Amino acid sequence: MTTDAATRATVRNLAMRTVPRGCPLCEAMCGLTVTLDAEDRVVSVRGDADDVYSRGYLCPKGASLGAVDDDPDRLTRPLVRRAGELREASWEEAFAEVDRLLTPLLAEDRNSVAAYTGNPTGHNVAFTLLAGRLARSLGSIQAYSPATMDQLPQNVTAALLFGEPSSIPVPDLETTDLLVIVGGNPLVSNGSIGAAPDYRGKLKALRARGGRVVVVDPARSATAAAADEHLQIRPGTDLFLFLGILHVLFAEDLVRPRAAAGRLSGLRELREVVAAHPPAAVAEVCGIPPETIARLARELATADRAAVYGRLGTTLNRYGTLTCWALQAVNVLCGHLDRPGGLLFTRPVTGGPTTRKAPKPAHPFTVGRYRTRVSGHSEVLGELPVAALAEEILTPGPGRVRGLVVYAGNLARSLPDSARMQRALTEVEALICVDPYLNETTRYADVILPPPGTLTRDHFDLVLYQYAQRNYARFSTPAREVPDGMLSEWEILLRLCAIYEGRGPHADPDEIDDEIATSLRRSIARSLGAEESEIVAGVPGRGPRRLLDLRIRSGPYGDRFGRDPGGLSLSRLLEFPHGIDLGPLEPRLDEVIRTPSGTIELAPPMILEALARVEVPQPEPGTLLLIGRRDLRSKNSWLHNVSPLAKGKDRSALHVSPADAEAYDLADGGFARVTSAAGEIRVPVRVTDEVAPGVVSLGHGWGHDDPHARLRVAARKPGVNSNTLTDGTVLDPLSGTVQMNAIPVRLART
Ligand SMILES: Nc1nc2c(c(=O)[nH]1)N[C@H]1C(S)=C(S)[C@@H](COP(=O)(O)OP(=O)(O)OC[C@H]3O[C@@H](n4cnc5c(=O)[nH]c(N)nc54)[C@H](O)[C@@H]3O)O[C@H]1N2
Ligand SMILES: Nc1nc2c(c(=O)[nH]1)N[C@H]1C(S)=C(S)[C@@H](COP(=O)(O)OP(=O)(O)OC[C@H]3O[C@@H](n4cnc5c(=O)[nH]c(N)nc54)[C@H](O)[C@@H]3O)O[C@H]1N2
Ligand code: SF4
Ligand SMILES: [Mo]
């Protein structure tokens with residue numbers, strides 16, 4: 001190396017900086033360290049060994065965060081449709097176009113404009129803080145999100161049992177001795193509503209201390225392969241397994257609710273309804289031997305520290321809510337709720353419904369305050385089913401959805417019945433997308449408003465701290481500036497609020513920012529019984545930090561605006577860039593329960609009525625059941641364009657059992673035609689005994705073959721879109737959640 005080169009290298013190294021950042025790519029919330037050079041280019045991303053929550057763990061997605069943000073296909077300017085083509089435009093032109101398109105529709109009928117709030121918004125503090133205002137400003141009942149193809153059955157269950165939809169307890173991975181994972185694959189997904197960094201390490205530790213892991217899954221997933229026992233259940237039948245377990249608990253007098261004792265109602269009704277479901281009867285339905293069901297029930301009832309944890313395999317089916325309810329009833333009756341080593345309720349740093357004083361009297365949980373126009377689906381927790389969105393757009397008549405705003409969603413790939421969804425995206429009169437990519441959905445847009453990369457924003461997991469493995473918080477400041485010519489997502493969203501509210505495209509976003517802060521101060525003053533003048537933010541300026549400071553200071557660890565000087569504030573949290581550990585999860589059932597009866601309501605009428613209507617699934621002859629799966633280097637539909645994550649072989653093959661491969665004359669590496677009620681695909685086949693005969697599996701979020709999208713890396717390995725096959729006609733009646741697993745399909749060789 002010449003002296004000059006050495007000097008330059010030294011200068012470069014001196015100018016390098018390493019900043020701690022929370023990873024926004026999944027629910028594990030790992031702490032990362034991002035190293036940037038003098039030109040603000042990301043040089044490396046590593047696990048942050050000093051992070052008090054993740055202790056250095058990261059996965060391939062986190063390691064690629066620099067590449068995620070610096071993907072050359074990300075949009076850097078708004079696109080506006082002119083003469084049929086999407087063209088680059090200034091922000092002023094783009095907002096003027098949004099105003100021109102939406103304002104007349106909103107003036108005529110607020111409900112003619114729908115909004116879809118997609119998955120990445122849950123990891124984005126701008127959205128989580130502004131969601132309420134965005135919805136109120138739009139003022140439309142047409143509100144959609146992935147909840148109705150994800151966790152809404154768990155929310156409805158929590159609302160029914162505990163009186164608050166966000167009260168979902170998480171398994172205490174650190175100390176449990178028996179973990180039963182039902183329809184979740186945390187070794188790939190890193191877990192969800194109960195996620196954890198290094199789930200594999202946590203399961204290893206569990207087994208090393210003599211504990212057991214049981215996985216209930218139709219596929220031998222990575223988690224099932226790492227477990228002590230794998231129960232290969234028939235897709236869509238978990239409800240019956242849990243009814244069988246509940247039956248045994250009553251029949252063998254194994255009910256001992258411990259922490260929940262004395263706080264239960266509905267036990268007698270529950271005993272009556274499960275009497276009709278002995279293991280011998282349910283075994284036929286779910287394909288698990290009756291003696292195994294009885295043994296599992298006894299093991300759960302006698303284990304000191306055990307937890308049953310369920311995720312998508314329990315929610316995305318016709319009986320999603322009943323399944324989640326029965327699963328939680330098992331935890332309650334076996335005494336694992338609200339106990340260390342069982343399931344606990346996290347206490348989040350910004351507080352929430354269960355850390356504030358309970359309303360008196362508590363309202364009973366109801367659904368159906370309004371219904372969808374076309375099929376009459378009920379509203380549930382302010383949402384309408386995603387499966388109804390396409391028909392609300394496509395069906396003519398008064399009240400039709402004519403405008404659609406999509407915040408971070410890829411409707412053309414992630415929603416059921418893609419063909420119909422795409423027709424709807426063509427038909428909708430105004431489509432506004434807040435999204436960094438020109439992809440399979442945004443390519444139909446009239447206006448695309450692209451946010452800058454994740455490293456330019458404040459990061460704080462406002463929603464996800466509710467389900468962390470410890471009481472924990474970390475605030476990350478931006479690693480680099482918003483590039484010239486771009487607007488922060490915060491500002492984009494405030495300007496949309498202004499347009500929805502009829503203040504026009506040029507309104508000052510700061511005004512709305514101030515209004516939001518004022519109303520938050522007012523509500524905090526009311527809940528603390530303080531004067532509004534006492535409730536002041538301790539950080540200067542506007543934006544997310546001011547609102548977060550108000551929420552942290554009024555939260556359960558907060559300094560209560562000086563009343564508790566040792567307490568937390570955002571300024572104090574900023575002193576801990578590697579996160580602050582607020583202690584292990586602890587029992588707090590008294591704080592959580594807020595049902596009208598003040599008890600855990602085990603047998604609410606909604607559940608009993610739905611149970612009475614349950615039908616035993618009858619497989620159509622000649623069909624197989626299609627289930628989904630996730631992929632380590634994907635995040636639903638949107639990381640497939642990131643080069644380091646796109647390496648390797650095609651990941652969207654259909655998994656077929658050896659027996660079915662033989663029956664349908666399919667070869668490993670060959671192709672199959674898969675047909676369902678909604679459509680047909682041609683897909684490469686992988687013959688594997690990971691799936692049982694009669695079951696096939698395919699990941700979702702693929703199908704990057706739209707020539708109008710600009711996803712150059714993804715287009716090289718487009719994969720096949722599994723949602724061509726999900727028809728979206730079967731919904732969980734209690735939550736409106738769509739069946740995405742156990743889809744009947746036919747196979748043929750091509
Ligand atoms: N790497 C990666 N991580 C992710 C995501 C991603 O796309 N990639 N997505 C994130 C999101 S949005 C979510 S919601 C979470 C989801 O987190 P998980 O629920 O853990 O994810 P899945 O891999 O879908 O696991 C579902 C499991 O259910 C099984 N299953 C299917 N049908 C049934 C059934 O009827 N009964 C039972 N018992 N099991 C069934 C499937 O075989 C699969 O193993 O993951 C998050 N994390
Ligand atoms: N068949 C089948 N379908 C499924 C599932 C399944 O298991 N099986 N799982 C379902 C589940 S659980 C979920 S959560 C949904 C997810 O479905 P969606 O909510 O539609 O989410 P994604 O498909 O991940 O698309 C995310 C979009 O957000 C954009 N984006 C990424 N980061 C940002 C950002 O910071 N800001 C903005 N504004 N945009 C951003 C991406 O470019 C992409 O267009 O898919 C569902 N679909
Ligand atoms: S496990 Fe999740 S949070 Fe951790 S690095 Fe990977 S994507 Fe990020
Ligand atoms: Mo999800």
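The values are calculated or read from the model by the stated rules, or taken from the named source; none is laboratory data. Worth saying up front: this structure is predicted, and the values here are computed from it rather than measured. Heads up, the Cβs are rebuilt from the backbone with ideal geometry, glycines too, and the neighbour counts pull from every protein chain shown. Side chains are part of the model used for accessible areas, which takes the heavy atoms of the whole protein and leaves out ligands, DNA and RNA. Shrake-Rupley method; radii C 1.70, N 1.55, O 1.52, S 1.80 Å.
Per-structure values
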{"read-out": "Enumeration of residues in the stretch 59-83 that are under 24 Å from Tyr199 (Cα atoms) and out of contact with any Lys or Arg (no Cβ under 7 Å at 6 or more places or on another chain)", "value": "Cys59, Gly62, Ala63, Ser64, Leu65, Gly66, Val68"}
{"read-out": "Residue under evaluation Asp172, criteria (1) of a type in the set (D, E, K, R); (2) over 27 Å from Arg633 (Cβ atoms); (3) open to solvent by 20 Å² or more (accessible area, probe 1.4 Å), criterion not met", "value": "(3)"}
{"read-out": "Condition met for Ser637 (surrounded by 21 or more Cβ atoms within 10 Å (Cβ to Cβ), of a type in the set (Ser, Thr, Tyr) and modelled with pLDDT of 95 or more)", "value": "yes"}
{"read-out": "Filtered residues of the stretch 236-253 (kept if among the aliphatic types (A, V, I, L, M) and surrounded by fewer than 17 Cβ atoms within 10 Å (Cβ to Cβ))", "value": "Ala251"}
{"read-out": "Lone unmet requirement of (1) open to solvent by 10 Å² or more (accessible area, probe 1.4 Å); (2) under 30 Å from the mean Cα position of the chain (by Cα); (3) polar (S, T, N, Q); (4) over 28 Å from Val695 (Cα atoms) for Asn331", "value": "(1)"}
{"read-out": "Of the criteria (1) assigned to a loop (DSSP other than H, G, I, E, B); (2) away from ligand 2 (no atom under 16 Å from the Cβ), which one Lys635 fails", "value": "(2)"}
{"read-out": "Among residues of the stretch 171-203, those that are within 16 Å of ligand 3 (Cβ to nearest atom) and not in a loop (DSSP other than H, G, I, E, B), counted", "value": "9"}
{"read-out": "In the stretch 17-61, the residues that are among the hydrophobic types (A, V, I, L, M, F, W, C), more than 10 Å from ligand 3 (Cβ to nearest atom) and not in a strand (DSSP E or B)", "value": "Ala38, Ala49, Val52"}
{"read-out": "Unique residue being within 23 Å of the chain's Cα centre (by Cα), hydrophobic (A, V, I, L, M, F, W, C) and assigned by TED's automatic domain parsing to the domain that holds Val434 when the list is Leu528, Leu493", "value": "Leu493"}
{"read-out": "Any hit, the stretch 622-630, residues being within 22 Å of Gly703 (Cβ to Cβ), within 16 Å of ligand 4 (Cβ to nearest atom) and out of contact with any strand residue (DSSP E or B) (no Cβ under 8 Å at 6 or more places or on another chain)", "value": "yes"}
{"read-out": "Residue within the stretch 56-63 that is charged (D, E, K, R) and within 24 Å of the chain's Cα centre (by Cα) present", "value": "yes"}
{"read-out": "Residue count for the stretch 416-434, restricted to those that are free of Cβ contacts under 8 Å to residues at least 60 places away in the same chain and acidic (Asp, Glu)", "value": "1"}
{"read-out": "Residues (away from ligand 2 (no atom under 16 Å from the Cβ) and of a type in the set (Gly, Ala, Ser)) located in the stretch 139-166", "value": "Gly139, Ser140, Ala158, Ala159, Gly163, Ser166"}
{"read-out": "Condition check for Leu666: part of a strand (DSSP E or B), more than 16 Å from ligand 4 (Cβ to nearest atom) and either touching a strand residue (DSSP E or B) at 6+ places or on another chain (Cβ under 9 Å) or open to solvent by 20 Å² or more (accessible area, probe 1.4 Å) (or both)", "value": "no"}
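Per-residue answers, yes or no, for (1) within 27 Å of Arg594 (Cα to Cα); (2) out of contact with any helix residue (DSSP H, G or I) (no Cβ under 7 Å at 6 or more places or on another chain):
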{"site": "Ser167", "(1), (2)": "yes, no"}
{"site": "Leu173", "(1), (2)": "yes, no"}
{"site": "Asp198", "(1), (2)": "no, yes"}
{"site": "Ala208", "(1), (2)": "no, yes"}
{"site": "Arg220", "(1), (2)": "no, yes"}
{"site": "Arg263", "(1), (2)": "yes, no"}
{"site": "Arg268", "(1), (2)": "yes, yes"}
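So that you can scan it fast, the table gives a plain yes or no per residue for (1) β-branched (Val, Ile, Thr); (2) within 14 Å of ligand 4 (Cβ to nearest atom); (3) within 19 Å of the chain's Cα centre (by Cα):
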{"site": "Ala96", "(1), (2), (3)": "no, no, no"}
{"site": "Arg133", "(1), (2), (3)": "no, no, no"}
{"site": "Ser145", "(1), (2), (3)": "no, yes, yes"}
{"site": "Ala159", "(1), (2), (3)": "no, no, yes"}
